[in-house]
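Participant: This structure is in structure tokens; I'll ask about it shortly.
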Amino acid sequence: MSIERYNPREAEPRWQAYWTENRSFEAAEDAARPKYYVLEMFPYPSGRIHMGHVRNYTMGDVIARFRRALGYNVLHPMGWDAFGMPAENAAIERGVHPKSWTYENIATMKRQLKSMGLALDWSREIATCDPSYYRHEQAMFIDFMEKGLVERKVSMVNWDPVDHTVLANEQVIEGRGWRSGALVEKRELAQWFLKITAYSDELLSALDGLDKWPEKVRLMQKNWIGRSEGMRFSFALEDAQGKLLNEKLTVYTTRHDTIFGASFCAISADHDLAKRLSGSDQGLDAFRREVAALGTSEETIERAEKKGYDLGLYARHPFREGVRLPVYAANFVLMGYGEGAIFGCPAHDQRDLDFARKYGLPVIPVVAPRGTDAADFMVGAEAFVEKEGDNTVLINSDFLNGMGVPQAKAEIATRMEAMGIGERKVNFRLRDWGVSRQRYWGCPIPIIHCASCGIVPVPKAQLPVTLPDDVSFDKPGNPLEHHPAWKHVDCPACGKAARRETDTFDTFIDSSWYYARFCSPHADVPVTEEAAKYWMGVDQYIGGVEHAILHLLYSRFYARAMTATGHLAIKEPFDSLFTQGMVIHETFRTLTGEWVLPADAVQQDGKWVHAKTGEALEVGGVEKMSKSKKNVVDPDDIIARYGADTARWFMLSDTPPERDIEWTESGAEGAWRFTQRVWRLVNEAATASGSDPAASLELCRAAHKALQAVTEDLSALRFNRAIARIYELANALNAAHGKAEPAAVREAASFLILMSAPMMPHLAEECWQALGAKGHVVDTPWPKADPALVVDDEVTIAVQVNGKRRDEIRIAKGTPAAEVEAKVRGLESVVRSLEGRPIKKVIVVPDRIANIVG
RNA sequence: GCGGGCGUGGCGGAAUGGUAGACGCAACGGACUUAAAAUCCGUUUUCCCUCAAGGAAGUGCGGGUUCGAUACCCGCCGCCCGCACCA
């Protein structure tokens, strides 16, 4: 008898149609059932889905289908993070309108996602560029304003002087604008800010409660918020002649204990004092321009060589009579942190040390390991930065000598407070969230600027403020600014001619509340109370680790801001978070260095050549799939060739989900072969015959053990392990073919189908029919393993001598340690390994191991 | 530069203080076939030993804790992610 091969091309669309017609995945609130909200980070509609999407959405889908089978009322929605710069770039480069470009991409990607067979509730689809979505964003912004969570202040942007446009950090390449090539300048601009810093403490302390988030993400957020306990204090300033000036220099430090090691002060190039002095100092002016050319990226600033400009001013040391510290403007001091001014203690800070060596400033060690002789302790090329647990002591520090660091800090703080020159201060690294963007393709900020009334919010009845469609990208800069009519509006307060805000929102705003909108996507409020109460928070959120800080922190802030304004009643949006790894692939390039698509690379006589031109190819590294290196595989091609189930299966097998996965042709083929193997095994099971009772019990145990393990693995998102267990069951089923009782074979086959279903839903439905089972897999509950069949009554215990494995014994499960010890002592292999030495000790871990020490 | 992570056979990985290498891929040998594909059966960490039995080494590198370390601690090396206007 021959079995026809499984044909996914025919079967997959058929089952997708069935689920759609059956409305299998449309969710509705149901108080009688426990809910489960699974959400994957929604995609930016860039054009076509990529393998990273396939991986992300497959994982979410497995969870959704698994939870559904377990009896949960599952919400699994999908939408589009549809505003953003690529749409404008397409408009500038190819003349397509951002709106049509975006909606065409959405149509393509939606078709692609549908072909993956995802268990999504498409009736809840949202696109952030739709006014029905962003009108709520505008209304909430006004609510936030009323709550005092919005502020307008000046901040720095990257300015391209040729294109007359603000550049994102990623558009600044080596200090130049990516399109114009012009040297980028920093420029001050009045911008809107959301006061996320109002929640600094709260966002930090609530991290402790997020026990189902990866520890690394919590740590990254903690460090990002960066709470520090330090001091703010002021130095008296004098000029070169020693004349006291009517000006103080206020600095922030967390290392006030090292004040006796101070050898200079440094202020940011954007510090008020630097700005004022540069008017009369050309050298300083040039220095400030040089620093401005670095742009606004903290990474660039901190990587740049440490440089300073001597201001010719001196700060009087508060505790050392007659000692004065030169004051510099320096490129590594950030205006946005603390006071934008520091004192430098080169011996105990690497940046300060680099700076001091460059400008020939003294290096005075003031902290040393306890027991070191102060006279001998020197700092060379590396600053002495103490680590946790170090036992250190203050030296060269007058009244602080001999104290530990915490005690010295307390002493300095007390003295400075008594002197009235400073106070203890908690500081945060976290800055307020600048949400203004000088771009077209984003949500308009609902504000009107009136010459007489000032800033006036657009009345809610007039919302949404919609984007005009008739815009031109011919001129550089923001099209909303150039639009002939859009920005002209009457002031809602006084009725006089006024001007609309032409900035749009940061797209991070769009993605900071979409999880809530999915609960009631068609409501005329951002989210209805009943829907939010039932569905929130997200039980399982899944996305890339690249969002570990910004998106997740902004979302956490938004949940709080929405709660403060009565839109939500929950502070943490994501109960459990999973960060999945990237999809990587081999790279190929021609001998002239051009990247080649993997689809065009073929092996001939062991060498790689271009399939079309026959050119020889070099195999490069295995790297993140990217268009620039062309090491991409199109999901459409894979699905057309093998079907969605194969692609889904491959994405989950072998590699742990949090790690990067390498897409390989052979791995995909292996997954494809397995789909066929399952099909064959199930068809054989449907016509099973056999009569070996031992094989039946063995198969039965194997099936129940596999079920138990897979259930646990899927609950814990260990997809790769679940798949390994499914392979084992398939092997067991194969081995039992023709031997085991038909009933046992059918049970094992049905477990195999149901366990594979979250990963390979189409094949599972097809197999279910072939097995002649009732109903459909999509409506079949998850089976339960029989505990009696899961435990073995005999176990294998490893026998070690001095920690080295020498033997193993089979023994009844639960045999007491004393009995095991007696049995093990007499083993021939143990006696031989001991080589006549007496036994000193025997360690027995019941059911696991026995270790004889001799 | 700062913050965070990862590192195990030819490859992806399993084992989170107790038998290192489950499961998959690749490779090799065999069966079936006129042949190929597909499928099925078997072998596969390295080294010593003709085989067997047995032994030694081995989880990026160097140290430490422990009866026992891939896992815990300290110091390095390599790779990856984030750094506030990419999404």
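The values are calculated or read from the model by the stated rules, or taken from the named source; none is laboratory data. These numbers were taken from a predicted model, which means no experiment stands behind them. Virtual Cβ from ideal backbone geometry, glycine too; neighbours counted across all protein chains shown. Heavy atoms of the whole protein, side chains included, go into the accessibility calculation; ligands, DNA and RNA do not. Shrake-Rupley method; radii C 1.70, N 1.55, O 1.52, S 1.80 Å.
Participant: Grab the strands (runs of 3 or more DSSP E) fully contained in segment A:590-665, keeping just those with 1 or more residues being polar (S, T, N, Q). If you could, list the steps in order and put the result at the bottom.
Facilitator: On the way: elements: A:601-604, A:607-610, A:617-624.
Because the criterion is at least 1 residues that are polar (S, T, N, Q), the strands (runs of 3 or more DSSP E) in segment A:590-665 that meet it are A:601-604.
Participant: For segment A:439-456: of the residues being touching a helix residue (DSSP H, G or I) at 6+ places or on another chain (Cβ under 8 Å) and part of a loop (DSSP other than H, G, I, E, B), which is most open to solvent (accessible area, probe 1.4 Å)?
Facilitator: Taking segment A:439-456 first, the residues touching a helix residue (DSSP H, G or I) at 6+ places or on another chain (Cβ under 8 Å) are A:439-446.
Filter once more, so that each one left must be part of a loop (DSSP other than H, G, I, E, B): A:439-443, A:445-446.
Details: A:Arg439: 40, A:Tyr440: 1, A:Trp441: 13, A:Gly442: 1, A:Cys443: 1, A:Ile445: 3, A:Pro446: 0 Å².
The qualifying residue most open to solvent (accessible area, probe 1.4 Å) is A:Arg439.
Participant: Within segment A:825-847, take every residue that is more than 8 Å from RNA strand B (Cβ to nearest atom) and touching an Asp or Glu at 6+ places or on another chain (Cβ under 8 Å) and give me the one that is least open to solvent (accessible area, probe 1.4 Å). If you could, list the steps in order and put the result at the bottom.
Facilitator: First, pick out the residues of segment A:825-847 that are more than 8 Å from RNA strand B (Cβ to nearest atom): A:825-828, A:830-831, A:834-840, A:842, A:844, A:846-847.
Filter again for touching an Asp or Glu at 6+ places or on another chain (Cβ under 8 Å), leaving A:827, A:830, A:842, A:844.
Details: A:Leu827: 35, A:Val830: 0, A:Val842: 30, A:Val844: 30 Å².
Residue satisfying both the conditions and the ranking: A:Val830.
Participant: Here's another thing I want to ask about it. Quick check on segment A:167-177: of everything there that is surrounded by 16 or more Cβ atoms within 10 Å (Cβ to Cβ) and over 26 Å from the mean Cα position of the chain (by Cα), which residue is nearest to RNA strand B (Cβ to nearest atom)? Steps first, please.
Facilitator: First pass over segment A:167-177, keeping only residues surrounded by 16 or more Cβ atoms within 10 Å (Cβ to Cβ): A:167, A:171-172, A:176-177.
Filter again for over 26 Å from the mean Cα position of the chain (by Cα), leaving A:176-177.
On the way: A:Arg176: 15, A:Gly177: 12 Å.
Across segment A:167-177, the extreme among qualifying residues is A:Gly177.
Participant: Continuing with this model, one more query. Quick test for you: out of A:Leu714, A:Leu699, pick the one residue that is farther than 30 Å from A:Val217 by Cβ and either within 7 Å of RNA strand B (Cβ to nearest atom) or surrounded by 22 or more Cβ atoms within 10 Å (Cβ to Cβ) (or both). Give the derivation first.
Facilitator: On the way: A:Leu714 fails: farther than 30 Å from A:Val217 by Cβ.
None of the other options fit; the residue is A:Leu699.
Participant: Can you name the condition, by its number, that A:Thr675 falls short on among (1) open to solvent by less than 30 Å² (accessible area, probe 1.4 Å); (2) in contact with a helix residue (DSSP H, G or I) (Cβ under 6 Å, 6 or more places away or on another chain); (3) farther than 15 Å from A:Ser653 by Cβ?
Facilitator: Answer for A:Thr675: the failing condition is (3).
Participant: Quick one: in segment A:181-222, which of the residues that are among the basic types (Lys, Arg) and open to solvent by less than 70 Å² (accessible area, probe 1.4 Å) is nearest to A:Glu151 (Cα to Cα)? Spell out how you get there, then give the answer.
Facilitator: Let us first name the residues in segment A:181-222 that are among the basic types (Lys, Arg), namely A:186-187, A:195, A:212, A:216, A:218, A:222.
Those still in the list that are open to solvent by less than 70 Å² (accessible area, probe 1.4 Å) too: A:186, A:195, A:218.
Working: A:Lys186: 21, A:Lys195: 7, A:Arg218: 28 Å.
Among those that are among the basic types (Lys, Arg) and open to solvent by less than 70 Å² (accessible area, probe 1.4 Å), it is A:Lys195.
Participant: Taking the criterion of being within 27 Å of A:Glu658 (Cβ to Cβ) and under 40 Å from the mean Cα position of the chain (by Cα), would at least one residue in segment A:683-704 satisfy it?
Facilitator: Checking segment A:683-704: not a single residue is within 27 Å of A:Glu658 (Cβ to Cβ) and under 40 Å from the mean Cα position of the chain (by Cα).
Participant: Something else: Can you find a residue in segment A:39-47 that is of a type in the set (Asp, Glu) and either in a helix (DSSP H, G or I) or free of Cβ contacts under 8 Å to residues at least 24 places away in the same chain (or both)? Spell out how you get there, then give the answer.
Facilitator: The initial filter retains those residues of segment A:39-47 that are of a type in the set (Asp, Glu), namely A:40.
Checking the rest, the ones that are also either in a helix (DSSP H, G or I) or free of Cβ contacts under 8 Å to residues at least 24 places away in the same chain (or both) come to none.
Checked segment A:39-47: no residue is of a type in the set (Asp, Glu) and either in a helix (DSSP H, G or I) or free of Cβ contacts under 8 Å to residues at least 24 places away in the same chain (or both).
Participant: Now, a different point. Give me the pairs: first residue in segment A:811-832 and more than 18 Å from A:Asp792 (Cα to Cα), second residue open to solvent by 80 Å² or more (accessible area, probe 1.4 Å), beta-carbon distance under 7 Å, and six or more apart or on different chains, which are they?
Facilitator: Sorted first by the residue in segment A:811-832, then by its partner, the pairs are A:Ser829/A:Arg806; A:Val830/A:Arg806.
Participant: Restricting the first residue to segment A:663-675 and requiring it to be within 12 Å of A:Glu586 (Cβ to Cβ), which pairs with a second residue that is more than 8 Å from RNA strand B (Cβ to nearest atom) and among the β-branched types (Val, Ile, Thr) meet a Cβ separation below 7 Å and a spacing of at least six or different chains?
Facilitator: Close Cβ pairs satisfying both conditions: A:Trp663/A:Val583; A:Trp663/A:Val633.
Participant: Quickly run through segment A:726-777 and pick out the residues that are aliphatic (A, V, I, L, M), in contact (Cβ under 8 Å) with a residue 60 or more places away in the chain and open to solvent by 20 Å² or more (accessible area, probe 1.4 Å). So that I can check it myself, show each step before the final result.
Facilitator: Taking segment A:726-777 first, the residues aliphatic (A, V, I, L, M) are A:726, A:729-730, A:732-733, A:735-736, A:740, A:743-745, A:748-749, A:752-755, A:757, A:759-760, A:763-764, A:770-771, A:773, A:777.
Now narrow it down to the ones that are in contact (Cβ under 8 Å) with a residue 60 or more places away in the chain: A:745, A:748-749, A:752-754, A:757, A:759-760, A:763, A:770-771.
Result: A:Ala770, single match.
Participant: While we're on this one: With respect to A:Ile49, determine if the residue is open to solvent by 40 Å² or more (accessible area, probe 1.4 Å), at pLDDT below 95, over 30 Å from A:Pro783 (Cα atoms) and hydrophobic (A, V, I, L, M, F, W, C).
Facilitator: Working: open to solvent by 40 Å² or more (accessible area, probe 1.4 Å): no; at pLDDT below 95: yes; over 30 Å from A:Pro783 (Cα atoms): yes; hydrophobic (A, V, I, L, M, F, W, C): yes.
The answer is no for A:Ile49.
Yes or no, residue by residue, for (1) among the hydrophobic types (A, V, I, L, M, F, W, C); (2) open to solvent by 70 Å² or more (accessible area, probe 1.4 Å); (3) touching an Asp or Glu at 6+ places or on another chain (Cβ under 8 Å):
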| site | (1), (2), (3) |
| --- | --- |
| A:Thr565 | no, no, yes |
| A:Ile570 | yes, no, no |
| A:Thr590 | no, no, yes |
| A:Ala599 | yes, yes, yes |
| A:Gly620 | no, no, yes |
| A:Ser626 | no, no, no |
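Participant: Then there's this: Test A:Arg65 against the stated conditions and say whether it is away from RNA strand B (no atom under 16 Å from the Cβ) and buried (at least 23 other Cβ atoms within 10 Å of the Cβ). Break it down into steps so the answer makes sense when it comes.
Facilitator: Values: away from RNA strand B (no atom under 16 Å from the Cβ): yes; buried (at least 23 other Cβ atoms within 10 Å of the Cβ): yes.
In short, yes.
Participant: Going residue by residue through segment A:475-491, is there one that turns out to be polar (S, T, N, Q) and open to solvent by 30 Å² or more (accessible area, probe 1.4 Å)? Give the derivation first.
Facilitator: From segment A:475-491, those polar (S, T, N, Q) are A:478; that's our starting set.
Going one step further and asking which of them are open to solvent by 30 Å² or more (accessible area, probe 1.4 Å), we end up with none.
Checked against the condition, which is being polar (S, T, N, Q) and open to solvent by 30 Å² or more (accessible area, probe 1.4 Å), segment A:475-491 yields no hits at all.
Participant: Can A:Gly854 be described as more than 15 Å from RNA strand B (Cβ to nearest atom) and over 19 Å from A:Ser750 (Cβ atoms)?
Facilitator: In short, no.
Participant: Where the second residue is in a loop (DSSP other than H, G, I, E, B) and the first is among the charged types (D, E, K, R) and lies in segment A:451-469, which pairs have Cβ atoms under 6 Å and are six or more apart or on separate chains?
Facilitator: Taking only residues 6 or more apart or on different chains, not a single pair turns up.
Yes or no, residue by residue, for (1) surrounded by 14 or more Cβ atoms within 10 Å (Cβ to Cβ); (2) in contact with a strand residue (DSSP E or B) (Cβ under 9 Å, 6 or more places away or on another chain); (3) among the polar types (S, T, N, Q):
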residue: A:Val458; (1), (2), (3): yes, yes, no
residue: A:Val465; (1), (2), (3): yes, yes, no
residue: A:Asp470; (1), (2), (3): no, no, no
residue: A:Cys494; (1), (2), (3): no, yes, no
residue: A:Phe518; (1), (2), (3): yes, yes, no
residue: A:Pro521; (1), (2), (3): yes, yes, no
residue: A:Gln540; (1), (2), (3): yes, yes, yes
residue: A:Gly543; (1), (2), (3): yes, yes, no
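Participant: What's the number of the condition A:Asp654 fails, among (1) under 21 Å from A:Arg725 (Cα atoms); (2) more than 8 Å from RNA strand B (Cβ to nearest atom)?
Facilitator: (2)
Participant: OK, next. Going residue by residue through segment A:289-302, is there one that turns out to be open to solvent by 40 Å² or more (accessible area, probe 1.4 Å) and at pLDDT 95 or above?
Facilitator: Taking every residue of segment A:289-302 in turn, none turns out to be open to solvent by 40 Å² or more (accessible area, probe 1.4 Å) and at pLDDT 95 or above.
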